[in-house]
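Novice: Got a structure for you, questions after.
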Amino acid sequence: MVSFWRKSTKAGDDRALFWQHETHAAVRRGKWKLVTENDRAGKISWELYDLLNDRSESVNLADKHPELVKKFLGCRPLSCL
C-alpha cells in the first residue's frame with residue numbers, strides 16, 4: 001500500500017473507492033462522494049457531495065446530478081477503476 005501512495009499522481013484520483021460500515025456505504029471517485037445510510041427498512045436514499053467545493057458534506061447534489069448518481073450506482077468494485 002505504501003508503494004501505491006508514493007507513486008500516486010493526480011491521474012489516480014479518478015479511481016473509485018468503495019467502503020461500507022454497518023448501515024453506511026459510500027463510493028468516492030475524484031471530487032465526488034456518494035453516500036447512504038441503509039437501514040433496510042425503506043427505500044435507500046443516496047446523497048452526492050462535491051468534496052472539492054464542499055468538504056463538510058453539507059450540500060446534497062443528488063437531485064442536481066442524477067446522471068452521476070446513476071453512474072455511481074452502476075459501479076462495482078473493479079469495474080470502475
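The values are calculated or read from the model by the stated rules, or taken from the named source; none is laboratory data. None of these values were measured; they are calculated from a predicted model. Positions of Cβ are backbone-derived with ideal geometry, glycine not excepted, and every protein chain shown enters the neighbour counts. For accessibility, only protein heavy atoms count, side chains too; no ligands or nucleic acids. Shrake-Rupley method; radii C 1.70, N 1.55, O 1.52, S 1.80 Å.
Novice: Would region 42-56 turn up any residue that is at pLDDT below 75, open to solvent by 50 Å² or more (accessible area, probe 1.4 Å) and in a loop (DSSP other than H, G, I, E, B)?
Specialist: Among the residues of region 42-56, not one is at pLDDT below 75, open to solvent by 50 Å² or more (accessible area, probe 1.4 Å) and in a loop (DSSP other than H, G, I, E, B), which makes the answer no.
Novice: I need the full set of residues from region 29-45 which are closer than 20 Å to R15 by Cα and not basic (K, R), in order please.
Specialist: Pass one, region 29-45, residues closer than 20 Å to R15 by Cα: 29-36.
Once the filter is applied, which keeps residues that are closer than 20 Å to R15 by Cα and not basic (K, R), region 29-45 yields G30, W32, L34, V35, T36.
Novice: Any residue at all in region 7-20 that's at pLDDT 85 or above and in a loop (DSSP other than H, G, I, E, B)?
Specialist: For region 7-20, residues at pLDDT 85 or above and in a loop (DSSP other than H, G, I, E, B): absent.
Novice: Every residue in region 28-52 that is hydrophobic (A, V, I, L, M, F, W, C) and under 14 Å from the mean Cα position of the chain (by Cα), please.
Specialist: Initial filter on region 28-52 (hydrophobic (A, V, I, L, M, F, W, C)): 32, 34-35, 41, 44, 46, 48, 51-52.
W32, L34, V35, W46, L48, L51, L52 - these are the residues of region 28-52 that are hydrophobic (A, V, I, L, M, F, W, C) and under 14 Å from the mean Cα position of the chain (by Cα).
Novice: Here is a follow-up. Working only within region 21-41, note down all residues that are surrounded by 11 or more Cβ atoms within 10 Å (Cβ to Cβ) and either farther than 24 Å from G74 by Cβ or at pLDDT below 80 (or both).
Specialist: Just the residues of region 21-41 that are surrounded by 11 or more Cβ atoms within 10 Å (Cβ to Cβ), to begin with: 23-38.
Correct list: N38 only.
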